[in-house]
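Worksheet: the structure to be examined is printed underneath.
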Amino acid sequence: AIVGVGGSFSAGKSAFINSLFRTNMLPEDSTTTTAIPTYFMNGAEQQLLAYTKSNQAIRLTEKEMKAFTHQFDQNYHIGFAPFIKNLFIVNQTDAIKQDFRQLAFLDTPGYSKPRDAVKGKREITDYEIAQSQLRTVDYLIWLVDSSNTLTASDLDFMESLQNPCPVLLIFTKADGKSSQVLKDQMAHAQEVLQDKQIQLYGITCYSSKEYKEYVGKDVLPKFLRKAEKEAALKKDIKDEMNDILQEMKQYVEQCIGQKSKQRADLQEHVTQAVDFLSIRSLVALIEQLDLQLDELAESQKQLQQVGSLISRAIDQLNESNL
Ligand SMILES: Nc1nc2c(ncn2[C@@H]2O[C@H](COP(=O)(O)OP(=O)(O)O)[C@@H](O)[C@H]2O)c(=O)[nH]1
Ligand SMILES: [Mg+2]
């Protein structure tokens, strides 16, 4: 099952997932957001895949991924987010340490208010990216920085998902806060959530720094155990990830179909062209398409390969656990 992790910019989503997995694979930052929706799961081997907006699948080494998500950002003040649709991270773990067998976590961009529509042309905002990705999750963990409070835009966003899944609300960065402050936060949240179209499972406070829950007692582990148990009865996480990759593969296939058709049309024009100049520009276009078709074919191979690598990593982990 997929556990979506949402919340406003800098709520502590990446730090939260890192703390659950006891890793630092996801970049934590107070200045830039995670602009790339990232699936994070356990496996016996590390696997990293980036799926680009032009439908290329690229396997990355850890160094490459870190360079992209950390240094690239710091050095050039531009993320590689504009080019990447999704990241898939299989976190290498061993059977003893492993907690999550049937759950993949989805780190989402911190949403902010949708940017005003520019006439005619409109950019897809982080808000819409987070929204579309969180619509389909099986469980939702919603994070609020305990230095702020649960806001109307948090509530609007959650309601707008129209996802009937159980929601766990967590006040993050609880370290260093007085328990009275945290209790007040929770009480306020309980109150404003009452008549909302949200399936509230519970509310708690947590410190990702200390791996520790505050005020609430084992609310988080209970929620995760419930999710894990229910997920085991539904669909295998391996199949679920393969479904997601399958969808991407189908999309790539569609692109290949379209471009092949364009190519055939151009070819047809070449045979009918009369002057040398138009033949030359048509041929140049065909060459461009050929390059794109090569890349798409390579992308299909990568998606296929990563699909089986993810499956294998999950399988091996579960076998070693029997
Ligand atoms: N003290 C403290 N700081 C935290 C905690 N979780 C996150 N932070 C800090 O809050 C900032 C934003 O965290 P990040 O996970 O990147 O937020 P995101 O934008 O929601 O993914 C970072 O500077 C983190 O170091 C926590 O539990 N305690
Ligand atoms: Mg983040």
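The values are calculated or read from the model by the stated rules, or taken from the named source; none is laboratory data. This one's a predicted model, so the numbers in the text were calculated from it and none came from an experiment. Cβ coordinates were reconstructed from backbone atoms using ideal geometry, including for glycine residues, and neighbour counts include every protein chain displayed.
Brief remarks on what is shown
- Residues that are of a type in the set (Phe, Trp, Tyr) and either within 25 Å of Leu169 (Cα to Cα) or outside any helix (DSSP H, G or I) (or both) within segment 213-268 comprise Tyr214, Phe223, listed in sequence order.
- Filter result for Tyr206 (touching a Pro at 6+ places or on another chain (Cβ under 9 Å), buried (at least 17 other Cβ atoms within 10 Å of the Cβ) and either at pLDDT 95 or above or of a type outside the set (Val, Ile, Thr) (or both)): no
- Subset tally (residues that are surrounded by 17 or more Cβ atoms within 10 Å (Cβ to Cβ) and more than 13 Å from Val215 (Cα to Cα)) for segment 174-200: 3
- Selection from segment 11-29 of residues that are near ligand 2 (Cβ under 8 Å from one of its atoms) and polar (S, T, N, Q): Ser14
- The condition (being within 21 Å of Tyr51 (Cβ to Cβ) and out of contact with any Pro (no Cβ under 7 Å at 6 or more places or on another chain)) is satisfied by just one residue among Leu277, Leu245, Leu282, Leu233: Leu245.
- Any hit, segment 270-282, residues being buried (at least 17 other Cβ atoms within 10 Å of the Cβ) and farther than 30 Å from Ser179 by Cβ: yes
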